[in-house]
Every structure is written in C-alpha cells, then in structure tokens.
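Asker: There's a structure below that I have some questions on.
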C-alpha cells in the first residue's frame, strides 16, 4: 500500500523545496510539493520531480568499480576500501598528505555532505579548492561592501515599490521568487528586468532593459551618475553610514554619461529612467549569479551594491541589494563538523584553475584526486585541460551515482546513495531562511552506500575511526548546537520537517555593517588588506572589444552559458534520453548577418575548443549574444566548457565562465 512521506530537495538551488514523496513497495513512485511549506507552498520544478527518475534509473551504479587495463570491473567494497586506504597511507608516508587533491563542488545541499572535509582534515590536510564556479566573486564583493552577503527574507518583497531583477531568470532558476513577483504585480508593484536575454521573467516585467553582457556594472555607474546629477541621492545615508564616497564621486566624474551609455549599450534615456526608479524607494534589487562570472565580476556586484547605497535602498523594508543569504549556512556548527583544526598540512588550488595547478604541481606532485559532489570533467572551465590534468594523475577516485564524464576517467568509482536513501537536512544560502528535514525513505539498490559510510570505513582503516564514531542523529545534533538558544532541536526539526532559522529579515537596518569601518564601504579596506584594489573601477570583461580588440575581431560574439531548465547543472541530462541535442541560441542580428535559420547545424569555436549544435534564434536578445546551456555531457555534444576560460575573477574567488568570445559558422 502506498504511503506519502515528507522529504526535502537536496539540489543546490535557490528554492530548497519541501516534498511529499509517495512510496510504494519500497520504491519512490512520485515526488510532489509540500503545500505546508511557508515558502515553496506545494510547487516544485521539473528538476525536483526528476529525483524519482534518478533514484529508480537502471543506469545507477550498483557496485564498486576498478579500472583494469582500461576497462571497469566490479570489485567488493572490502577490496575497494582496503586498496584505497593502502594508497592513502602510501601517499602520506612517501609524498605527504597534500599529494591528495579533494575536488568537490555542491551537487547536494545536505549538511552531512560537509563531512568529507572532516575526513581529509583528520587524514592530515590535503590540497583543497578555494573559490567558486558559481557565485564566489559576488560573495566576496558583498563582504567587501557590507561585511557579509545577506538578503531580505522573501516576504519583504511586498514592501517594495519597485523591483529590479538584474541578470536573474527567476522563472527558470528561482521559481518561488517568480511566484512572489506575480503576487507583487497584482499589488501594483512595478517590475523591471535587466538582462542580455529576453527570458520568461522578462515577459512578466513592466519593462525589459537589455544590456551588453558583462557591462552591468557600467550601467550601474551610469545610473549613479544620473542620480547624483539630479540630486536624488540619499545624502543622509551616504554621510552617516558609508566610507569612501569621495572616491566614488571621483570615479563617476572621470567619465561622461554618454560614454557609459555607449559602453553598456543602454540609452541615456533608459539610464535616466532607472535613476528615477531607484530613487523612488523602496526599490529592491535581486541580482543573478551570471553578473559576476567575468574578469570584472566582483567589481560589477560592488557597483550595483553602490547603486543601492547611493539611492538609499540599504537597510529599509522593501529594498536591499539581494544576491545571497549566508545567514543560513552561518547558523550551523561547521567548525565542529569539519574539524579544520586537525589538519597539519594544507595547500590550496583555485577551483577554476585546478587542472593547470595539477599539471604544474611539485613538492609534492598530485598522486591522487578524490571527487565528491561534483563532475569537473563537465563543469570546470576549459574542459580539454581538465581532461589532460585528471588523466595525468596516478589514481582518480570518484564517488558517484552514475557514470558521468568524470567517472569515466576514474580508476575507482564508488556507488553512492541518492537523497531518498539517506537521512539529512537541507538548506540553501541563496534565497529563503528555512531548513528542511528529510528522512531515509527507501533502501538503496545494489551496494550503493552513503558517502558518510565510505568516509567512516576509510577513517577506521587509516587509524582515526574514533573521529567518525557517531550515529546519524549525533552528527545532526552536532550541526544544530548553535541554534539551541533559538529553540531549534533535531527532535523539533524531525517533528515539523521545516523550521525557520533566526536571521535578520531586513539586513543592515541598524546601520551596523560587518566591515572594518562598521559602515558600507565604497572603498573597501578588506580589499586593500588582501593586497587588492579596494576602490571601485570601470572595469570591463577581459574578452571584449574594449579590453582585447584583436581577440574580439577574431571572435565577435559573446557566449553565455546559463543554467539549463531541465537539469541541475549536469545531473539530469543522461535521464532525458539520447535525443538531447546541444542547442545554440543566438541573437537575431547574428542569424541575419550569417543567413542562419532555426534548426541549422553550426560550429561554435575559439582558441580553447569547439562544440557543434543546432540553432535556435532568440527573441529580443542583446545583439551579438549567443547562449549554450551548461551541463551537457560529452556523449550528448558537450561540454560547453570546451570554450570557456579558467581565469579567475578580479577578486580571485569567482569564475569567468561568461567572459568568453566565440565565432560561429554554419556547417553541413
């Protein structure tokens, strides 16, 4: 007989939904939304529903695999763990623990997924990754400006007079904010979308403003310049609560509005209109993550933050420069969970340049790569270098559920459970501030194991098993210790399934910022302390006609690689069928110039690589713009990261995935 159980979505996504999962005969048969959740309210996306197909797929990895003479063979868990423990010991004794690289990302938002860090810290400390492919430049930028990256709680949107959705297609990536926008529109709140692509969110807007990719900060500078010319700035906030305003004035005085308009490819009339919109407060800004995936990415977010500050939209209901909400993850006991004090050695590689770092590493060279919660052969930029690097390492170990591009390159593949086959709780530091509990619902097929079991077994073999001698409940209680004062316990979370975390619902309303000056910083002291330029600039993308004119002449089109609709990054493409084709979406002017029609087969290339796919002409996209969704597997025509650069953002903590120019031609 079927039963319905409450669970939660594990996906690294804005919305962190609560589920009602139907179980029948020991299998998940349906995943639906939980209508009692205060934010997600019973609505979930197709990616969430696909978790049922993911759990039940006949493509699941069921047994440990070892590559012998180029072919995978099934081995026992005992053999796999014994051999890996022996390799860990050998590397530690002969090369040092930093000869192991832990390559990871955030494919799963479960709190206990962080125990991989505990394992590697107790082992002695390995080569770790820093930065983020996804949002790192923007997080660092807001820490420079505010001291932290906090957002207004979702319900605050009803206090806004105007809402600016800047580079964030919430209809695709943040559906519950989209629902809030529909409600706001019915209330008469004005909605403006700024984006290079005319998307489903733009269709909802009162006005759509198209901007040249990577020039969003330049547009923000133009709006600030116009606000100041019109005398619409919030002089009280600027004088009482900010640092470095004179430096911003000097920057804006160094360039004309007409030049800023030309650079951003947004008219002076539209910039003037936006100046009035921002001054007609409260105006809320919701930024996307693509804005900062350029060489100038951190500076872009900082200029938009500065716009919110100059216009007086910081710390007021209905306002905010909403990018991320780290208050959520900062609620939990990560130090106790990960035991970072146990590492004796440490080395760091940039997540963007991990491949180049592997290839040039000495003292010690990398002897083993362990991949968890990631698929770097598809997701890390400059795929061809990544493949070369991973192929050069003696041992590659991948913890996975399916035979991904990365798993195919591995020496050992360890089969993992899905979210419905293990207990955890889930959260996201992106949008709302609720934590969701999810019990174990079904047994895993074959010999698939939770990663915590794998770390525990290896820890026992390596002599630090006592550091993993906790029950699942004890681990979960450990993470919740800082919340005891707020009345949040594991028992209460299990009973109610969803609990609200104690956060500032309107950040910075007390004007006490977490910066060195205690103020909003137009000129960042933290940036200067790190040896970087703490001042705002008028930086532009590295691969642009303004910075690299000869390169832009050779490759005249700007490539975006946005998140797909039906897959969370690369996680679902193999479940969508082999009929999946790589789609090349292009602005109408490119089609007109090259005589290209919908469905034509084309080659897209630059100096790093090429992909081939089928044309779809975009309505109202910014001229000379191309999009190819990220995440497509190699056997399905990907990865688009064969084209993207592994450079780091201006502040060193973000990717430059969108800072990419290409050429295109029709082929037979």
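Asker: What strands (runs of 3 or more DSSP E), lying completely within the range 1-49, carry at least 2 residues that are crowded, with 23+ Cβ neighbours inside 10 Å?
Answerer: Output list reads 3-8, 18-24.
Asker: Is at least one residue of the range 615-627 at pLDDT 95 or above, loosely packed, with under 15 Cβ neighbours inside 10 Å and more than 23 Å from residue 132 (Cα to Cα)?
Answerer: Yes, the conditions are met somewhere in the range 615-627.
Asker: Another one. Give the residue, chosen from 348, 401, 367, that is more than 25 Å from the chain's Cα centre (by Cα) and either in the same structural domain as residue 48 (by TED's automatic domain parsing) or farther than 19 Å from residue 645 by Cβ (or both).
Answerer: 367
Asker: Follow-up question, since we're still on this one. Assuming residue 388 fulfils every condition listed in (1) closer than 19 Å to residue 84 by Cβ; (2) over 22 Å from the mean Cα position of the chain (by Cα); (3) without any contact (Cβ under 8 Å) to a residue 40 or more places away in the chain apart from one, which condition is it?
Answerer: Evaluating residue 388 over (1) closer than 19 Å to residue 84 by Cβ; (2) over 22 Å from the mean Cα position of the chain (by Cα); (3) without any contact (Cβ under 8 Å) to a residue 40 or more places away in the chain leaves (1) as the failure.
Asker: For the range 565-588, which residues satisfy the criterion of being touching a residue at least 40 places away in the same chain (Cβ under 8 Å), in a strand (DSSP E or B) and buried (at least 21 other Cβ atoms within 10 Å of the Cβ)?
Answerer: 584, 586, listed by residue number.
Asker: Going by what's in this entry, would residue 313 be described as in a loop (DSSP other than H, G, I, E, B) and in contact with a strand residue (DSSP E or B) (Cβ under 8 Å, 6 or more places away or on another chain)?
Answerer: Yes: the conditions hold for residue 313.
Asker: Let me ask something additional. Go through the residues of the range 252-266 one by one and say whether even a single one is in contact with a strand residue (DSSP E or B) (Cβ under 7 Å, 6 or more places away or on another chain), in a helix (DSSP H, G or I) and farther than 30 Å from residue 657 by Cα. So that I can check it myself, show each step before the final result.
Answerer: Going through the range 252-266, the residues in contact with a strand residue (DSSP E or B) (Cβ under 7 Å, 6 or more places away or on another chain) turn out to be 266.
In the following step, the residues that additionally are in a helix (DSSP H, G or I) were identified as none.
No, because not a single residue in the range 252-266 is in contact with a strand residue (DSSP E or B) (Cβ under 7 Å, 6 or more places away or on another chain), in a helix (DSSP H, G or I) and farther than 30 Å from residue 657 by Cα.
Asker: Could you list, in sequence order, all residues of the range 470-485 that are touching a residue at least 12 places away in the same chain (Cβ under 8 Å) and part of a helix (DSSP H, G or I)? Can you show your working first?
Answerer: Initial filter on the range 470-485 (touching a residue at least 12 places away in the same chain (Cβ under 8 Å)): 472-473, 475-483.
Within the range 470-485, 472, 473, 475, 476, 477, 478, 479, 481, 482, 483 qualify.
Asker: Tell me the residue from 606, 627, 651 that is assigned by TED's automatic domain parsing to the domain that holds residue 586 and farther than 23 Å from residue 264 by Cα, please.
Answerer: Being assigned by TED's automatic domain parsing to the domain that holds residue 586 and farther than 23 Å from residue 264 by Cα holds for just one of 606, 627, 651, which is 606.
Asker: Regarding the range 53-60, can at least one residue be identified that is in contact with a strand residue (DSSP E or B) (Cβ under 9 Å, 6 or more places away or on another chain), part of a loop (DSSP other than H, G, I, E, B) and either assigned by TED's automatic domain parsing to the domain that holds residue 464 or under 30 Å from residue 396 (Cβ atoms) (or both)?
Answerer: yes
Asker: What are the residues in the range 430-446 that are buried (at least 22 other Cβ atoms within 10 Å of the Cβ) and touching a helix residue (DSSP H, G or I) at 6+ places or on another chain (Cβ under 6 Å), if any?
Answerer: Of everything in the range 430-446, those that are buried (at least 22 other Cβ atoms within 10 Å of the Cβ) and touching a helix residue (DSSP H, G or I) at 6+ places or on another chain (Cβ under 6 Å) turn out to be 432, 437, 441.
Asker: Considering only residues that are buried (at least 23 other Cβ atoms within 10 Å of the Cβ) and without any contact (Cβ under 8 Å) to a residue 40 or more places away in the chain, which ones fall in the range 397-421?
Answerer: Matches in the range 397-421: 398, 406.
Asker: Let me ask something else. Restricting the search to the range 574-606, which residues are at pLDDT 90 or above and touching a helix residue (DSSP H, G or I) at 6+ places or on another chain (Cβ under 6 Å)?
Answerer: Within the range 574-606, just 575 meets the criteria.
Asker: Here's another thing I want to ask about it. Of all residues in the range 654-668, which are in contact with a strand residue (DSSP E or B) (Cβ under 6 Å, 6 or more places away or on another chain), more than 19 Å from residue 294 (Cα to Cα) and in a loop (DSSP other than H, G, I, E, B)?
Answerer: 667
Asker: For residue 158, which of the numbered conditions (1) more than 20 Å from residue 569 (Cβ to Cβ); (2) within 26 Å of the chain's Cα centre (by Cα); (3) surrounded by fewer than 24 Cβ atoms within 10 Å (Cβ to Cβ) fails to hold?
Answerer: Unmet condition: (2).
Asker: For residue 527, are the conditions met, namely being under 26 Å from the mean Cα position of the chain (by Cα) and part of a helix (DSSP H, G or I)?
Answerer: Details: under 26 Å from the mean Cα position of the chain (by Cα): yes; part of a helix (DSSP H, G or I): yes.
So residue 527 fits the description; yes.
Asker: Within the range 638-653, can you find the residues that are surrounded by fewer than 24 Cβ atoms within 10 Å (Cβ to Cβ) and assigned to a helix (DSSP H, G or I)?
Answerer: 642
Asker: Related question: Among (1) crowded, with 20+ Cβ neighbours inside 10 Å; (2) in contact with a strand residue (DSSP E or B) (Cβ under 7 Å, 6 or more places away or on another chain); (3) not in a loop (DSSP other than H, G, I, E, B), where does residue 562 come up short?
Answerer: Condition (3) is where residue 562 drops out.
Asker: Can you report the number of residues in the range 293-321 which are within 11 Å of residue 283 (Cα to Cα) and within 18 Å of the chain's Cα centre (by Cα)?
Answerer: Number satisfying all stated conditions: 1.
Residues checked against (1) assigned by TED's automatic domain parsing to the domain that holds residue 261; (2) assigned to a loop (DSSP other than H, G, I, E, B); (3) buried (at least 24 other Cβ atoms within 10 Å of the Cβ):
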| position | (1), (2), (3) |
| --- | --- |
| 191 | yes, no, no |
| 198 | yes, yes, no |
| 201 | yes, no, yes |
| 208 | yes, no, no |
| 214 | yes, yes, yes |
| 219 | yes, no, yes |
| 223 | yes, no, yes |
| 226 | yes, no, no |
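The values are calculated or read from the model by the stated rules, or taken from the named source; none is laboratory data. Fair warning: this is a prediction, and the values are worked out from it, not measured in the lab. Positions of Cβ are generated from backbone atoms using ideal geometry, with glycine treated the same way; all protein chains shown enter the neighbour counts.
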